[in-house]
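The values are calculated or read from the model by the stated rules, or taken from the named source; none is laboratory data. Predicted model, so just to flag it, every value in this text is computed and none were measured. Cβ: placed from backbone, ideal geometry, glycine included. Neighbour counts: every protein chain shown.
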């Protein structure tokens, strides 16, 4: 019985990969553009999903690390003329360092206080991005960020960049999956179910939460650098508090505890406004209502609802599953 | 750094502080009554102010009636939110996070609706007590600002009396401290939660209406007021509406003194840094133990 | 039992909550390899003392020495690493995790992986995970929980939860096991099973400090201290305790 | 298209059919339309610029087609909204260039979006006319991107020229962290050249609800005039609230009727260097102003005129280079000087605008009404 299941899963994965590979060539350019954004939002959303799904932490500061990654890439390539890889590294190091230094005190807070703490961090960073215009270019931002070139192979068309971004996204999903299945993941889930019992078994709650916060910042910075090279321009408007709120919605809508759910959430965030914008100004209302509907009707996100739906299907379907 | 500059900063700080306080009081009243952090508290202010503007300009109501209408609008929206969403989710005992996410969704929806139905431009309301100003050592404070501070303090005292002296207020407090215990004494906990949202909506709307003569209100004002109201409520210990009043004024003063002390561009950086430090060092807010117990 | 230095030594422990004095001056030892009981009616300060020993509360007065070293500023986690592990009055199992996974968490402290290794699933990380898996499976068999292995802990009975909690604590190779009201919520048959386990674990070298108001279970302890209004009013084996006039007056109101 | 937009569109159509009937002898254009793309910020923070620009574009499209289009072929304006967000502007630009295959791109409204879109138009050599002044250095390399609004250096110069004209040597500045920062960066070096001392410079964050304390700091420095550089009405109200009586000089970014309503009683004794004063237009602006009033029954200002000029510049370039000219040829044709409604341009200048300081007119808000002062900067 098991091998049949395995074959079916492999078949599913093969089909999905084929669709994924062909997609950028079939769809018009702006859809390919949006698919690249979906990849970037998946990476940023993964970090928040880990914190929300596995530590129960509402992180409203992801736009800060996303911005740091983007500005690092912009500054290293445009201002300093270094190769693009340095932007990724500098951004990652700064974001992880900041996440560690700021994370330790803030993560002592719990519940709403922690959510507000991250919101305050996002507001401070947003104000500083405006203020330090010698570094970030302020409102004008930094333009002319070169397209990413991998050892001479320039990724200028969205279809090429699409493959690079999604390979990075798959790698991050693989890493997140590993983390969930690893010893750290075990302790995370224990902490989530009962932090008192976990403490009694010598699980260091504080450092575990901080380390996941640092991993979340790393993913945010990676996504920011990819965004900078894709849009070849960065400005303060892209790293405000409402961008942090949008990032938080990715795991909420997709389903915080499932990794594929993050991709579903990212698709929702990128494509729903695009689909609804055809209806004119009313689309922002519909986006808000869609969010309310998901939160009220599907507490564990679209993925959760899908799993429950499939479970009901299987139950009714009897033995043929 | 003349004296009049410091006075002006203090006037501005107290005036803004009272607005943050009103929004913050509504927020912590709702949190106290329902354990829900209301991320759309600022939208109550926008709804209250816009309703008053429409009643005043479109339907030509007298100003006091328009203000009452605006405050009522906030209360009704509060009631609707509780009955339509919060009650259903409470029945399915949803987690605390999902309530926060619900209100974020509602905030996006409401501000988009105000944009769609009322449009983009900002509106002003005539100041209470006319355009007059009071001069103190060359520092200027508007008559309306004095009215705002007075009404703000009045609302704070009324809220305290309401919670401690009226039967509805007492049962609301009881329901929030121990729902099961209150239920056994015959208090309809569900209805109490609705009342807290009505109260939260009323306070939020009042804050919005009072601030509109000073700053024009538009669909984007909600998030900004929610952030500051949130900070005020947390400074006050989150479960203590009266603490939010102290928290609000403190935040307002910290902001305006930061402008003249440090530099005007670091205002938000200083204000939010102070907020983080206070949250970490004083988990019960500035009032300490009293903050947690409910004042 | 050679009279070596006591595993745990409590000296003049005092504590109060907001002016209300809960523990006056509690002094007693837990010898290595022994089973020590602590009984007292509700409100006698048993749980507070238990939380002080396990590090959840820092006492206002007095000192605790564990294996000769003071526990003054040791965190809960640090005490766990040095072999001092506690259970809870209502068993705190990880509800959404399976029985096996619950026990695996207990093995976590014996292994070491960094977050980076876990992210990249390095051979070292995989090795540690296999080690955790192996130890947990062994413990499952040992505590006859094999049948329930893959059930979520939420579906266990009170007795099974208690055994799971003990298994989870024991798999971390503790020196001193603190049991907090372990018999509460168990039926007679489950209490006998529990009693057997306590004796067997003690024979395998684990020192036990048992806190309970259940006189029946307490017979397993060699020395029992009776706590009343924050003070030890009597110490000795179970028979001596039952005959002690002060205890009879307090307990049986005779 | 939402209800309100359709309504406005309908009134515009009615007005224009009347105009078309009265047009000169040219027969209206026919044949396969030439697609011109445009991106404006019709929603979000920049809507105050985007909506007037869109009105200007639609008016220009009708006017060009009524006068025979491009050698008989009509132009078709495809207008997208970037919601004041550079990311959205970029994907809309991709859609227009690669999806719709437009021959040229007009807009966007905000500097940030312009720099973002400029990356795409420059890479694909698509001629672009932006409704912003030239911004960061990278834009200087984009030879095919013209700007129909002056660079911030010129705006700063105009402010200083006016201060000099009222003999104000001690000036206070109240500006926001976005638009204000950009103009301030140009103003600081120029101030010394004009012998103007900046006695107080106070900044506030975008979306600030109260700037009274900053205004008080400016007042405490006893300036002879106050520059207010912002994209919100709040600072203007706060300046009046704390009774700063010295003349206030605003930057062009705050000159629109939307701000005047939001300022309420504070819209008084405020001088603004700009280009179009609908109530009292310069002779060469009269035709455009009347046409606009007839179509939208409201008075046009700078952004409507800028969009109108941009459309006509592209039309004249298409006429010169031919409708199906290559991008490079169209770009060259666009380089020539052009005397527009807003100002006289010379796109071969190094700031891609070539607007002379003399083109500025200086309006003054008196009791909420725009009046044109006689002051002009002699070249």
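Things worth noting here:
- Among the criteria (1) buried (at least 24 other Cβ atoms within 10 Å of the Cβ); (2) in a helix (DSSP H, G or I); (3) within 14 Å of chain A (Cβ to nearest Cβ), the one residue B:37 does not fulfil is (2).
- Among residues that are out of contact with any helix residue (DSSP H, G or I) (no Cβ under 7 Å at 6 or more places or on another chain), touching a residue at least 12 places away in the same chain (Cβ under 8 Å) and within 14 Å of another protein chain (Cβ to nearest Cβ), residue C:44 is not included.
- Any chance residue B:206 is in contact with a helix residue (DSSP H, G or I) (Cβ under 7 Å, 6 or more places away or on another chain) and at pLDDT 90 or above: yes
- Within segment C:203-219, the residues that satisfy the criterion of being more than 18 Å from residue C:51 (Cβ to Cβ) and surrounded by fewer than 19 Cβ atoms within 10 Å (Cβ to Cβ) are C:203, C:204, C:205, C:214, C:215, C:216, C:219.
- In the set (1) at pLDDT below 85; (2) surrounded by fewer than 24 Cβ atoms within 10 Å (Cβ to Cβ), the condition left unmet by residue D:139 is number (2).
- Yes/no for residue A:294 being assigned to a helix (DSSP H, G or I) and away from chain B (no Cβ under 14 Å): no
- Selected residue (only one of A:213, A:227, A:219, A:239 is farther than 18 Å from residue C:119 by Cβ, surrounded by 23 or more Cβ atoms within 10 Å (Cβ to Cβ) and more than 9 Å from every other protein chain (Cβ to nearest Cβ)): A:239
- Residue C:20 being under 17 Å from the mean Cα position of the chain (by Cα), farther than 25 Å from residue C:133 by Cβ and assigned by TED's automatic domain parsing to the domain that holds residue C:247: no
Conditions tested, residue by residue: (1) farther than 17 Å from residue C:173 by Cα; (2) within 7 Å of chain A (Cβ to nearest Cβ); (3) buried (at least 16 other Cβ atoms within 10 Å of the Cβ); (4) over 26 Å from the mean Cα position of the chain (by Cα).
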{"residue": "C:106", "(1), (2), (3), (4)": "no, yes, yes, no"}
{"residue": "C:125", "(1), (2), (3), (4)": "yes, yes, yes, yes"}
{"residue": "C:133", "(1), (2), (3), (4)": "no, no, no, no"}
{"residue": "C:140", "(1), (2), (3), (4)": "no, no, yes, no"}
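- Check on residue D:76, at pLDDT 85 or above and assigned to a strand (DSSP E or B): yes
- Taking the numbered list (1) in contact (Cβ under 8 Å) with a residue 60 or more places away in the chain; (2) surrounded by fewer than 24 Cβ atoms within 10 Å (Cβ to Cβ) in turn, residue C:113 passes all entries but (1).
- Wholly enclosed helices (runs of 4 or more DSSP H) of segment A:1-111 bearing at least 1 residues more than 11 Å from every other protein chain (Cβ to nearest Cβ) and crowded, with 24+ Cβ neighbours inside 10 Å: A:29-49, A:62-74, A:84-106
- Any hit, segment D:57-67, residues being free of Cβ contacts under 8 Å to residues at least 12 places away in the same chain and assigned to a helix (DSSP H, G or I): no
- 3 or more residues more than 7 Å from every other protein chain (Cβ to nearest Cβ) and over 30 Å from residue C:109 (Cα atoms): qualifying helices (runs of 4 or more DSSP H) within segment A:149-210: A:158-181
Rundown of residues vs (1) farther than 30 Å from residue B:250 by Cα; (2) more than 14 Å from chain A (Cβ to nearest Cβ); (3) more than 17 Å from the chain's Cα centre (by Cα), yes/no style:
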position	(1), (2), (3)
B:72	no, yes, no
B:80	yes, no, yes
B:92	yes, no, yes
B:106	no, no, no
B:122	no, yes, yes
B:130	no, yes, yes
B:137	no, yes, yes
B:143	no, yes, yes
B:150	no, yes, no
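- Wholly within segment D:190-292, strands (runs of 3 or more DSSP E) carrying at least 2 residues that are more than 24 Å from the chain's Cα centre (by Cα), more than 10 Å from chain B (Cβ to nearest Cβ) and without any contact (Cβ under 8 Å) to a residue 60 or more places away in the chain: D:197-204
- The set of residues in segment C:158-189 that are more than 17 Å from residue C:86 (Cβ to Cβ) and either part of a helix (DSSP H, G or I) or not assigned by TED's automatic domain parsing to the domain that holds residue C:86 (or both) comprises C:158, C:159, C:160, C:188, C:189.
- Taking segment B:171-260 and the helices (runs of 4 or more DSSP H) fully enclosed by it, the elements with 3 or more residues that are without any contact (Cβ under 8 Å) to a residue 24 or more places away in the chain are at B:179-184.
- Residue within segment C:161-175 that is in contact (Cβ under 8 Å) with a residue 12 or more places away in the chain, more than 22 Å from residue C:104 (Cβ to Cβ) and touching a strand residue (DSSP E or B) at 6+ places or on another chain (Cβ under 7 Å) present: no
- Matching residues in segment C:79-101 - criterion: being more than 13 Å from the chain's Cα centre (by Cα) and facing another protein chain (nearest Cβ under 8 Å): C:81, C:93, C:94, C:95, C:96, C:97, C:101
- Checklist (1) within 14 Å of chain B (Cβ to nearest Cβ); (2) part of a loop (DSSP other than H, G, I, E, B); (3) over 30 Å from residue B:230 (Cβ atoms) applied to residue A:134, failing item: (2)
- Considering D:130, D:185, D:163, the condition of being crowded, with 21+ Cβ neighbours inside 10 Å and under 14 Å from residue D:229 (Cβ atoms) is satisfied by D:163 alone.
- Checking residue D:322 against (1) buried (at least 24 other Cβ atoms within 10 Å of the Cβ); (2) closer than 27 Å to residue D:78 by Cα, the condition it does not meet: (1)
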